[in-house]
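Every number here is computed from the coordinates shown, using simple stated rules; none is lab data. This structure is a prediction, so every number in the text was calculated from the model and none was measured. In this analysis, Cβ positions are derived from the backbone assuming ideal geometry, glycine residues included, and neighbour counts consider all displayed protein chains.
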Amino acid sequence: MKKALIFLVAIFFFGCNNKDEDTLCFNYDTTMSFSVLNAKGDDLLDPENPNGFDVSKIRLFYEINGEVKEQGLNPNFVKGVFKNMITNKYQISIPLNSFDLNKKTVTYIQWNERDKDMLQSTFDTGHCYTRVDKVWLNNKLILDSPYAENVYTIIK
């Protein structure tokens, strides 16, 4: 018993390491949230809006190695739509293509049969994190810093 106790104490003291690379931490956020309004300001993600998008029919595509592939959205994707209590608008969180964190990636959101947007994104990565760095919507820069809020309003 005494030997077992000495062994456990030795493991405790020699097994601990104060190096930063051994710190247990991780933040992986590769999403961007959007509100979608028409020119009159009507919320197109509002389930009460008869002219809005049917969230269950929104499709997501990633361009990977030059090939566009549909991403099977989680059946709970509809729950990715939520009402922002500050702006009183609905938002949708889109998981951006993070297939290659070292290159600009492309994500397509197909809102319905006739309406599609292209998102290009780059990512900021470090020892304990991966986060969205820059985002372009249809070739227009809409997010220019990993420290900015990942929310944008699209006008359709």
Please enumerate the residues belonging to region 123-147 that are over 21 Å from Y108 (Cα atoms) and without any contact (Cβ under 8 Å) to a residue 12 or more places away in the chain.
-> G126, Y147
If you take the residues in region 104-156 that are of a type in the set (F, W, Y) and in a loop (DSSP other than H, G, I, E, B), which one is surrounded by the most Cβ atoms within 10 Å (Cβ to Cβ)?
-> W111
